[in-house]
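The values are calculated or read from the model by the stated rules, or taken from the named source; none is laboratory data. The shown structure was predicted, so the numbers you read here are calculated from the model rather than taken from an experiment. Glycine gets a Cβ as well: all are built from the backbone with ideal geometry, and neighbour counts include every protein chain shown. These area figures cover heavy atoms from the full protein model, side chains too; ligands, DNA and RNA do not enter into them. Shrake-Rupley method; radii C 1.70, N 1.55, O 1.52, S 1.80 Å.
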Amino acid sequence: KPERSFGRLFVAILILSFLVESKVAFGQTITLAPNSGNVGASVTVNGLSFGANRQVSVSFDGARVGNGTTSSTGSFSLAFAVPSSSRGPHTVSADDGISSASATFTVTNSLSRSPTSGIVGTTITLTGYGYSASGVITIKW
């Protein structure tokens, strides 16, 4: 038979704790309000999850249309006027130098006339936006 031995056993557990702070990007996003409209329309770009307190540049098909600064939480909101462009989808992008996001804005065509009324012989100017450069436009009066 084995001998039995009784005594005290002390177990020391050393727990090391490290506090590591890191910032994790959950994906920058932008939304457009509205997401379609005519040339000249005002569009508001709202951005989330960008760098905190950073300069942000907004572009329409690569051409800068606005600049702003993100908040301490990385959000921003700025408005721009839709530049002259053809009808159809266009890319709006926001970039803070580290992060970027994009969304699609759809340009619709429009036609305006000036003046809207007059006497016989008055010259009327028609202004159209959102039409293709090589397209044919027929105007019937």
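Among the residues of segment 64-84, which ones are farther than 21 Å from Gly27 by Cα and either surrounded by 15 or more Cβ atoms within 10 Å (Cβ to Cβ) or acidic (Asp, Glu) (or both)?
Val65, Gly66, Phe80, Val82
Residue check: is Arg87 among the basic types (Lys, Arg), within 29 Å of Ala133 (Cβ to Cβ), modelled with pLDDT of 90 or more and open to solvent by 40 Å² or more (accessible area, probe 1.4 Å)?
Judged against the criteria, Arg87 is not a match.
Taking Ser36 as the residue in question, decide whether it is more than 18 Å from Gly97 (Cβ to Cβ), modelled with pLDDT under 95 and over 13 Å from the mean Cα position of the chain (by Cα).
No: the conditions fail for Ser36.
Among all residue pairs at least 6 apart or on different chains, which show Cβ distances below 7 Å where the first residue, located in segment 29-51, is in contact (Cβ under 8 Å) with a residue 12 or more places away in the chain and the second is among the acidic types (Asp, Glu) and open to solvent by less than 20 Å² (accessible area, probe 1.4 Å)?
Once the first residue is in contact (Cβ under 8 Å) with a residue 12 or more places away in the chain and sits in segment 29-51, its partners that are among the acidic types (Asp, Glu) and open to solvent by less than 20 Å² (accessible area, probe 1.4 Å) give Phe50/Asp96; Gly51/Asp96.
Could you check segment 105-141 and list, in sequence order, the residues that are over 23 Å from Gly62 (Cβ atoms), outside any loop (DSSP other than H, G, I, E, B) and of a type in the set (Val, Ile, Thr)?
Thr125, Thr127 - these are the residues of segment 105-141 that are over 23 Å from Gly62 (Cβ atoms), outside any loop (DSSP other than H, G, I, E, B) and of a type in the set (Val, Ile, Thr).
Just to be sure I understand the filter: pairs with C-beta atoms under 8 Å, separated by 6 or more residues or on different chains, first member in segment 129-141 and free of Cβ contacts under 8 Å to residues at least 40 places away in the same chain, second member of a type outside the set (S, T, N, Q) and in a strand (DSSP E or B). Which pairs pass?
Close Cβ pairs satisfying both conditions: Ile137/Gly128; Ile139/Leu126.
Select from segment 91-109 the residues that are farther than 21 Å from Ser36 by Cα and open to solvent by less than 50 Å² (accessible area, probe 1.4 Å) and list them in ascending order.
Asp96, Ser99
Ser99 fails exactly one of the following numbered conditions: (1) within 23 Å of Thr29 (Cβ to Cβ); (2) touching a strand residue (DSSP E or B) at 6+ places or on another chain (Cβ under 6 Å); (3) of a type outside the set (Asp, Glu). What is the number of that condition?
In the conditions (1) within 23 Å of Thr29 (Cβ to Cβ); (2) touching a strand residue (DSSP E or B) at 6+ places or on another chain (Cβ under 6 Å); (3) of a type outside the set (Asp, Glu), Ser99 misses (2) alone.
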